[in-house]
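Enquirer: My structure is below; once you've seen it, I'll send some questions.
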Amino acid sequence: MLSLLPEIKNIMIYKKTEIAGVWILEPKVFGDSRGYFMETYKEPEFEQYIGRIRFMQDNESCSTQGVLRGLHYQLEPYTQSKLVRVIYGKVFDIAVDVRKGSPTFGKYIAAELSGENRQQLFIPKGFAHGFHVMSETAVFTYKVDNPYAPAYERGIRFNDPTIDIDWRLLPGSMVNTSEKDRNTPLLNDAENNFIYNV
């Protein structure tokens, strides 16, 4: 009897990063003179490598060059896992481990995401996230597994010296960020209810 289910073939290359739980995903792109096709998410494959995440919402933003958004997170029980990518343009994307007791607390993973490389970054719960726009404009999209909950939203200062992120800013350029992001606390003063579990 023939199976009605198609064979699951990998549509992504899954790359572990230096911080456990954070992954870079690189899609297989099929192109010809007409353009290209790629699959950006396949649940069974994602679960095989990363685990079961129930994404419930897709978000999209458009930003101009020099815009810096972050570092953002939401407290439990509304903390979010994110799968982020850039449709158009280029950003420098950052995920900071803010799980208390984690051996990599305060460390970060950086990835250049662009419409050309089509890479994605998976950011698990317990991480602060931000990005800096490196192109004239950038369209940024991401999946989340919890809704936006303003009362639980928190942030960490993007230029916190203890994290010491190199945002790849152009020499002499001004950071274009919101007043809210400029006034978020430093890592050691930020409210945080994430506990690291081995």
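Enquirer: Ordering 72, 129 from largest to smallest accessible area (1.4 angstrom probe), what's the sequence? Could the numbers behind the result be given before it?
Expert: Details: 72 50, 129 15 Å².
Accessible-area ranking of 72, 129, largest first: 72, 129.
Enquirer: Follow-up question, since we're still on this one. What ranking, highest mean first, results for peptides 44-54, 103-113 when packing means the other Cβ atoms within 10 Å averaged over each residue?
Expert: Put in order of decreasing packing, that is 103-113, 44-54.
Enquirer: Provide 87, 165 ordered by accessible surface of protein heavy atoms (probe 1.4 Å), highest first.
Expert: Per-residue accessible area, sorted high to low, gives 87, 165.
Enquirer: Between 152, 142, 14, which gets the highest mean-square fluctuation from a Gaussian network model of the chain, Cα cutoff 10 Å?
Expert: Looking only at 152, 142, 14, the largest GNM fluctuation is found for 152.
Enquirer: At 7 Å along the Cα-to-beta-carbon direction for both residue 139 and residue 75, put a label point, then send me their distance in nm to one decimal.
Expert: 3.7 nm
Enquirer: Please compute the per residue accessible area over the chain with all protein chains in place, 1.4 Å probe, rounded to a whole number of Å².
Expert: In whole numbers, the chain has 57 Å² accessible per residue.
Enquirer: Residue 90: accessible area at probe 1.4 Å, nearest 10 Å²?
Expert: 70 Å²
Enquirer: Taking the Cα centroid of the stretch 22-65 and of the stretch 154-186, what is the distance between the two, rounded to the nearest whole Å?
Expert: If we compute the Cα centre of each part, the gap is 27 Å.
Enquirer: Mean projection of the alpha-carbon convex hull of the chain over all orientations, in nm²?
Expert: Numbers: hull surface 55.7 nm².
Reported value for the Cα convex hull: 13.9 nm².
Enquirer: Quick check on the chain: helices-only [θ] at 222 nm, where DSSP H runs of length 4 and up contribute -39,500 (n - 2.57) each and the sum goes over total residues. Nearest 500, please.
Expert: Taken over the chain, the calculation gives -1000 deg cm²/dmol.
Enquirer: Ordering 196, 88 by accessible area with a probe of 1.4 Å, largest first, what comes out?
Expert: Working: 196 70, 88 140 Å².
The ordering from most to least exposed comes out as 88, 196.
The values are calculated or read from the model by the stated rules, or taken from the named source; none is laboratory data. All values reported here derive from a predicted model rather than from experimental measurement. Quick reminder, even Gly has a Cβ in these numbers, built from the backbone with ideal geometry, and neighbours come from all protein chains shown. SASA here: full protein model, heavy atoms, side chains in, ligands and nucleic acids out. Shrake-Rupley method; radii C 1.70, N 1.55, O 1.52, S 1.80 Å.
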